[in-house]
Amino acid sequence: MKKLMAANWKMYKTAAEARETAAALAVALDGKLSADREVLVFPPFTAIHAAAEAFAGKNGLSLGGQDVYPEDEGAFTGEISAPMLKDASCEFILTGHSERRHVMGEDNEFVGRKTAYAIASGMKVVLCIGEKIEEREAGSLEAVLEEQLVAGLAGVSRDVDPERVAVAYEPVWAIGTGKVAGPEDIVEAHAFTRAKLVEMFGEKGKEIRILYGGSVKPANASEIITLDNVDGVLVGGASLQADSFSSIVLA
Ligand code: PGA
């Protein structure tokens, strides 16, 4: 299973900035990316084309959309569909990011519809899950993760190619805060997630990649990536510069 090293650029970068960072990333990784690592960047929608031009012809580098609306087209002002993302060179779609859940107010059911739609549209998905600090402190970590996994993957065919599904465990309190979950916290949450995936998908659940996200940086990436059941990382802040993200990818 290849480790998936993903960058979430959130609402940062114009097309020109994205082109420059993506091109610098391709140069920094040229000839260095091992065969067991895969790189994925989620630019803002308006910068996907520019990043795609910079990645053209490079192996192991792919692109994704940060969100999707679960219809191919229609009167859904401001939204974007899977065929549009595919047309813009995306292979992946990110669903259920904590900012979508907690800033934009998306609930589990809506995240599940988006995830099922993205898979049914032939795309690959990274579904984000993660607890808020008050949920962790109240002892509901497992209940929250279970609810987000069950609802998030409810409409995904049990016959799906497991390479097309990834889950990112991102504790909300560790996103953009500089607070990284400790190794035991990560191992515990990933083991729980793995067990749930096996319960839901049988043997295939062992091949679904589980990424960690939340204040991943060059300084902590090599420790995190070797933990049990950590099959990749999802990086926000430290992915915005090519040198810092490339050192995470090569960690
Ligand atoms: P961060 O963001 O690396 O800036 O904490 C991670 C994410 O939101 O995916």
message: Quick check on the chain: helices-only [θ] at 222 nm, where DSSP H runs of length 4 and up contribute -39,500 (n - 2.57) each and the sum goes over total residues. Nearest 500, please.
response: -11500 deg cm²/dmol
- prompt: Which far-off residues, 5 or more places away or on another chain, put their amide H under 5 Å from the one on Gly232, with H placed in the peptide plane?
  reply: Leu4, Tyr212
- request: Let me know the charge dipole size of the chain about its Cα centre in debye, to the nearest 20, where only the beta-carbon of Lys, Arg (+1) and Asp, Glu (-1) is charged.
  value: 580
field: Spatially proximal aspartates and glutamates relative to Lys2 (Cα-Cα < 14 Å; intrachain offsets below 8 disregarded)
entry: Asp36, Glu38, Glu163, Glu207, Asp231
query: For q = 0.11, 0.13 Å⁻¹, what log10 I(q)/I(0) does segment 173-251 give under the Debye formula with an equal point scatterer on each alpha carbon and no solvent?
result: -0.30, -0.41
- request: Pairs of Cα atoms under 8 Å, at least six residues apart: use those to get the relative contact order of segment 161-242, whole percent.
  value: 37
query: For segment 93-251, what are the per-bin percents of Cα-Cα distances with bins 5 Å wide, up to the bin holding the maximum?
result: 2, 10, 19, 23, 21, 15, 9, 1
field: Cα shape, segment 1-120, gyration tensor, a/c 1.5 rule
entry: prolate
- request: Could you point to the residue in Thr77, Val144, His97 farthest towards the positive end of segment 1-148's charge dipole, with +1 and -1 charges on the Cβ of Lys/Arg and Asp/Glu respectively?
  value: His97
- line: The set of residues whose placed amide H lies less than 5 Å from the amide H of Ala154, leaving out same-chain residues fewer than 5 positions away, is none
task: Using the charge dipole of segment 149-251 (Lys, Arg: +1 at Cβ; Asp, Glu: -1 at Cβ; taken about the Cα centre), state which of Val198, Ser215, Ala154 has its Cα farthest towards the positive end.
output: Ala154
- line: With +1 on the Cβ of every Lys and Arg and -1 on the Cβ of every Asp and Glu, the dipole magnitude of segment 169-238 about its Cα centre, in debye rounded to the nearest 20, is 200
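FYI, it's all coordinate maths here, none of it is from the lab. Nothing here was measured: the structure is a model prediction, and the numbers come from that model. Counting neighbours? That spans all protein chains shown, and the Cβs are built from the backbone with ideal geometry, glycine included.
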